[in-house]
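Heads up: the structure comes next, in structure tokens.
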Amino acid sequence: MKKWTVELKVGSAILVALAILAYMTFSVGGIPFLNEKGYLVSVIFDSAGGLEKKAPVRVSGVKVGQVEGVTLVETGARVTLRINTGIRLKAGGYAIVRSSGFLGDRFVEIVPGKGPAFLAGGAMLPARERAPDVENIMNRFGDVASDIQAITTALKEILGDGKAKSSINAILDNTRSLTGQIDTFVKQNRNGLTHSVANLESFTRMLNREGRVVVDEGHLLVQGLNRILGRVERGEGTLGKLVADEEAYRKLNDTLGDLDHAIKGVEGLLQTVTAGKGTIGKLFTDETAYENFNTALEGLSSAVGQIKRFQTFVGFESEYQHRTGEQKGYFDIRIQPRTDKYYLLGLVNDPRGRITETTTVTTTNDVPTTVTELETRRTMKLSAQFGRRVDNLGLRIGLFENSAGLGADYTFFDDRVRVSLDAWDFNSDDPLAKRAHLKLSTAYTLLRHIQVEAGYDQILNRPLDTLFVGLGIRFEDEDLKYLLGGLSGLAR
């Protein structure tokens, strides 16, 4: 009979835990208990990365539906949206994938149109693409750094070769000589070009006087040349202005002079770089500067790699205290740069967060009576801890619910089971807590992300000691990991 009673209690506890788990799953995940209502619209995005089923659909920050499904089509990702019953959206708008809050969760934002018509079921919304992810930006920056390193290496090899320097100088000399020849040719043959045109016209008249027969093609050619020469004589077109317009000739001459000046400037710059002067010159000729630049690029690549190796875990838990019937809430972020070291930041919603003691003295029949009342208020408390782990044993120290403290964790069964002992608040202001706050808990992880917990709180303070059970969700968030990695890089 006794064994049957124990089994009944264990079974009842499991059923209660499953009921609480189902309630929290439906509440947190936004899963409805009844059949879903509303109407469906579709959007085709080039990329729906990070967008999951059941993600919220918002209009002006207000949730109006959820993502029904994400499927692959030829032109991208087709996202089906279920809009709640009673929500009417103006047609002519568009949809975009955005990130919300500190955790970077994806959701679909609908920007309604301004026309008189409304969206109907089965409508197709146009899409606008979101900005690139932090991870893509970091990868592109790494590619740019690699390209810069390759370019500097190639330039150093070219400028370090004596034959390459001679070739560059020869090219500059030839270019300067060519511009000088063009300038001289234009000045010396300006009158000769005019005489040549006149002689060609005289030659054509002579052919006509002697009565020679010209084939049709030759006749057309001569007519074309006559038209061209006429335009040149009248100063029309580029060549005509060059011959007849002094201003055009002056501009051409000035342009050639500017080109020669620019070539001399490039030659002087290359000579400065080759001599090792200036920042770029030192980079190409000074081995130390080159090595420092190369080391900086390697350090940047290493920093990007360290950010990618960061692990960040986010979780929240609700704890039911048996003595008072109150619920205590926890939200924490665990940043783990290595497997044996981590940082824990958390917020605790404590029902006994603030204690106010009121003493009242009343006199009845000349007999004084003192009455002391305690008022408790729910407040938020902060936890900030540093932890180290050796094998299965972990030790923590830091701030525990606004008070200095320390804790120890022991895990087994591949970290699915954890036993923890925490002690803090060694000098409490609570009149009912004369001793330190001591808490013993045991947690079991289900389905990788669900955590069931039970234990004994306020062990040393009999007026407050209580059994408790808890249920929580814990997961790793990639977007939060890269965001924290970028902020830590800016802080350094």
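No lab work stands behind these numbers, since they all come straight from the coordinates. Everything numeric here is computed off the predicted structure, so don't read it as measured data. We place every Cβ from the backbone using ideal geometry, glycine too, and count neighbours over all the protein chains shown.
What to note about this one:
- Close lysine pairs were tallied over region 310-491: pairs 8 or more places apart or on different chains with Cα atoms under 21 Å apart number 5.
- In plain terms, the residue of Y320, Y444 with the fewest other Cβ atoms within 10 Å comes first and the most crowded comes last, giving Y444, Y320.
- Each of T362, T80 was scored by other Cβ atoms within 10 Å of its Cβ. Arranged with the fewest first, they read T362, T80.
- A cut-off under 14 angstrom between Cβ atoms defines the neighbours of A408, and their net charge, with Lys, Arg +1 and Asp, Glu -1, is +2.
- Cα-projected label distance for R435 with T339, points at 7 Å along beta-carbon direction, nm: 3.9 nm
- The distance between label points at A262 and R231 comes to 2.7 nm (points 7 Å beyond Cα on the Cα→Cβ vector).
- Sorting D105, D46 from the fewest to the most surrounding beta carbons within 10 angstrom yields D46, D105.
- Summing charges over neighbours of A436, with a neighbour being any other residue whose Cβ is under 14 Å away from its Cβ, gives -3 when K and R count +1 and D and E count -1.
- 15 Å beta-carbon shell around R378, net charge (K/R +1, D/E -1): -1
- Calculated FRET efficiency for the pair Y444/L72, C-beta based, R₀ 35 Å, to 0.05: 0.40
- A straight chain from L467 to T80 at 0.36 nm per residue would run longer than the Cα-Cα distance by 134.7 nm.
- For D391 and V417, a Förster radius of 25 Å and the Cβ-Cβ distance give a FRET efficiency of 0.95, rounded to the nearest 0.05.
- Take the Cα of E291, step 7 Å toward its Cβ, do the same at A120, and the gap between the two points is 7.5 nm.
- Added length on full extension, which subtracts the Cα-Cα distance from 0.36 nm per residue, A198 to S166: 6.8 nm
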